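Nothing in this text is a laboratory measurement; each read-out follows from the coordinates by a stated rule. Note that the structure is a prediction, hence the values are computed from the model and not measured. Cβ coordinates were reconstructed from backbone atoms using ideal geometry, including for glycine residues, and neighbour counts include every protein chain displayed.
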Amino acid sequence: MVKLENGGVYLKGGKIVKADAPDKAAREKTMAYSILRSHSKNSGGGIMNIRFDSLISHDITYVGIIQTAKASGLEKFPVPYAMTNCHNSLCAVGGTINEDDHAFGLSAAVKYGGIYVPANQAVIHQYAREMMAGCGKMILGSDSHTRYGAIGTMGVGEGGPELVKQLLENTYDIAEPQVVLVYLTGEPSRGVGPQDVAIALCGAVYKNGFVKNKVLEFCGPAIEKLSMDFRIGIDVMTTETACLSSIWETDSKVEEYLVNHGRGDEYKKMAPADGAYYDSLIEIDLSTIEPMAALPFHPSEAYTIRELLENPGDILREAEKRAQQQLGGKATLKLTDKVKDGKIYVDQGIIAGCSGGMFENIAEAASILKGYGIGDGIFNLSVYPPSTPVNMALLKSGIMQSLLESGAVFKPCFCGPCFGAGDVPANNGLSIRHTTRNFPNREGSRPSDGQAAAVMLMDARSIAATARNKGVLTPATDIDYDVSFDTTYKFDSELYKKRVYFGFGKAQPEKELVYGPNITEWPKIPQMKDNLLMELAAVIQDEVTTTDELIPSGETSSYRSNPIKLSSFALSRRVPEYVPYTEKVRAEEKLLADGNPSERVKVALKKAGASDEDIKNTVMGSVIFARRPGDGSAREQAASCQRVLGGCANICYEYATKRYRSNCINWGMVPFTVGEDKAFEYETGDMIYVPNIRKKIIAGDSDFPAVIVTKNGTENITLHVAQLTDEEKQILLDGCLMNFYAASRKR
């Protein structure tokens, strides 16, 4: 289905030609480099300094972004900045907390000249597609699934501090990325949808790191055969491959899409120049793609549904073993209980959001279910359209009526099912979802309370086929159905004109921001001193640690505007003893900062070779070790919560994503790595002394000799820091991005 070629290739005359050696000059012929160069303030040196055309955030992130930018001197939004309300829109936890955030967001749009999309009007990425994307543009979003490549826009998902930089008219700095050609041939079979292609792609490239931090460039003869919703459905899932961004060839269907959305002038034909060079190749023959399922707990746990049904016991037992490891043994997930008489029974189906809730997906689901009911058992089906214009079109076309007649339930335009705030399954429940993620500690899983649930990602078509069989897992290719509904979508812009606040270019600086009691300022964060003492507060040996484990989604949503309250949830589902432990470290940190270190700290520093003068110039903090932290969401709170709790660094073998490493830097936490040649087998409570860290950061050193003090004595170790930009160095020295901007006004 998916073939990988690790060597470089050219695309000449529409044909793939193997390259003998890397060719950076010919890489400039790619669409990716054409767009990146046009948005970069410099033209060489191996680093790109990007300025984006527009920005977008949702209500879990925009309050913190605006608070940080305000503290750093923000006067008005320099580019269109849209704030959607699609993550905290339930307003169900903590009284008025979420709605206070929304009131703040609207007041910020008025004061600084922004775009405010009220709750339940659109999910973040659908709004960007409908109202902001255009050929050759770049959009930065504070959500990891910021992907608009199918519309000719390079979308990048990053933590909030990167948006702060753009609001202050600074740049997004990246090393020149490699570009991977994704060459599409063939045509999908009836019953195969975009999620099937996406899961097959994730399964092929995620675990081997084939596309990590690279740009995917989609070309090939199959593209013209795909509808826009189909392309978009594949594109949004490229986030789960760990790539940096994506871009597709554009054609008449893209032009029709933009004309339909009132922005025909945003279209231009885009294709790589002849002879474009790519660092590697992915070939996908769409005619060979079957209905897929991504088992818990990652989109890359990819199986064909056929394979799963042929051997359910063994495959589900392996998933149970993974769950036992990933949930830390605190909860048990029994998936094999779902197998009865050789069939797999599921409890719930969800078609939702920026990947599943597209008009065409829902229309095909309605065709499959037309004339059938989902039954009166435990199985239920919920549909979350991505925007009110799509909702209206589903209503007018009769698609909504047909699905309601089958027993489905329609919900608001809300991202909740993706991160655990909507349709949470029962303990040991198995939910099949056309959404973006199925990570551990999300939908219903709370291991510390013995609670576990599972999500299996599938396409809307096979979810509908399963619903038609009343919860018996069924691939859509096994169902004989006609497309009963017209999948032509007509966008109605009037719905937004009547509800969305369009304030770009109309800043009203005299207006006041509206604060609720849960919106609080950031605590004071210390600067880096000459030397650093770190105490291990958590050691996580899982293969990958997601941002959902570092700071859970779901129940924390109400407190994203309250740094102190939010930080109390850090690692709560994975290492519940972490927060109480950091409180002890912070007490030690304060004593050291006051010049009166505890005997324990003084002894550790002396053992590590520190003099009395060194001790006076040492700052202390807690540190987390995880093998590969930061997969998943772009939310910066995964790093900021550690910082609020006194965290000063992360140590790992490798950062799972660039965006998490950037979040660590922007919150003043040193992004250390260690070599994998020697296992990191130290324990909570061990201390690591890094002398002369300030000088070494200034010098741009990559190796940091350190001493680990354990209960058994001391040991020398070398920590590493990959290349830092001059700005990143200064952010670490100042203590965090906010301190950096405050100091910049004085420097």
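Here are a few things to note about the model shown:
- Gyration tensor (alpha-carbon) shape descriptor, segment 313-362, a/c threshold 1.5: oblate
- With the cut-off at under 11 Å, measuring from each backbone N in segment 155-179 to a point 7 Å along the Cα-to-Cβ line of residue 725 picks out 162, 165-166, 170-176.
- For segment 52-170, the Cβ-based charge dipole about the Cα centre amounts to some 220 debye (Lys, Arg positive; Asp, Glu negative; other atoms uncharged).
- Percent RCO, i.e. relative contact order, over segment 531-744, from Cα pairs under 8 Å lying at least 6 residues apart: 25 percent
- If you take all other residues with their beta carbon under 10 Å from the beta carbon of residue 671, and give Lys and Arg +1 and Asp and Glu -1, the sum is 0.
- Share of pairwise Cα separations in segment 254-391, more than 21 Å, in percent: 65 percent
- Assuming charge only on the beta carbon of Lys and Arg (+1) and of Asp and Glu (-1), the dipole of the chain about its Cα centre is about 1200 debye to the nearest 20.
- Above-threshold pairs, the threshold being 21 Å between Cα atoms, out of 616/695; 29/137; 607/729; 269/498: 607/729; 269/498
- Looking at segment 318-494, the DSSP beta bridges with both ends there are about 20 percent antiparallel.
- With 10 Å bins from 0: P(r) over segment 223-329, alpha-carbon pairs, percent: 10, 30, 29, 19, 11, 1
- Summing Lys and Arg as +1 and Asp and Glu as -1 over all other residues whose Cβ lies under 11 Å from the Cβ of residue 662 gives a net charge of -1.
- Translational diffusion coefficient (Stokes-Einstein; Kirkwood radius from C-alpha pairs) of the chain at 4 °C, 1.567 mPa s, in µm²/s: 49 µm²/s
- When shorter helices are ignored and each DSSP H run of at least 4 residues is given -39500 (n - 2.57), the per-residue value for the chain at 222 nm works out to -9000 deg cm²/dmol.
- Ranked 558, 572, criterion: other C-beta atoms within 10 Å, fewest first: 572, 558
- Space enclosed by the convex hull of the alpha-carbon atoms of segment 134-210, per residue, Å³: 141 Å³
- Selection of chymotrypsin sites (Phe, Trp or Tyr not before Pro), segment 57-161, meeting DSSP coil and at most 10 other Cβ within 10 Å: none
- Distance from the C-alpha centroid of segment 451-467 to that of segment 407-432: 10 Å, rounded to the whole angstrom.
- Mean Cα-pair separation over length for the chain, i.e. relative contact order, pairs under 8 Å, 6 or more apart, %: 14 percent
- q = 0.13, 0.17 Å⁻¹, segment 318-494: log10 I(q)/I(0) [Debye, one scatterer per Cα]: -0.62, -0.99
- Structural descriptor for segment 318-494: relative contact order 31 percent, calculated from alpha carbon pairs under 8 angstrom and at least 6 residues apart.
- Sorted largest first, the principal axis extents computed over the alpha-carbon atoms of segment 52-170 equal 43, 31, 22 Å.
- The chain - share of DSSP beta bridges that are antiparallel (%, nearest 5): 40 percent
- Packing-based exposure ordering (other Cβ within 10 Å, fewest first) of 415, 219: 219, 415
- Cα-based Kirkwood hydrodynamic radius, segment 194-276, one decimal, Å: 13.8 Å
- Among the GluC sites (Glu not before Pro) in segment 125-195, those located in a DSSP loop and surrounded by at most 14 other Cβ atoms within 10 Å of their own Cβ are 169.
- Cα-based shape type of segment 531-744, given that a ≥ b ≥ c are square roots of the gyration tensor eigenvalues and the cut on a/c is 1.5: rounded
- With K and R counted +1 and D and E -1, the other residues having a Cβ less than 14 Å from that of residue 495 yield a net charge of +2.
- Test item: Cα-centred dipole of segment 629-747, Lys/Arg +1 and Asp/Glu -1 on Cβ, debye: 680 debye
- Between segment 121-149 and segment 211-247, the Cα center-to-center distance that results, in Å: 14 Å
- Whole-Å distance, taken between Cα centres, linking segment 359-397 and segment 708-726: 54 Å
- Among 726, 701, a tally of other beta-carbon atoms within 10 Å of each Cβ gives an order, fewest to most, of 726, 701.
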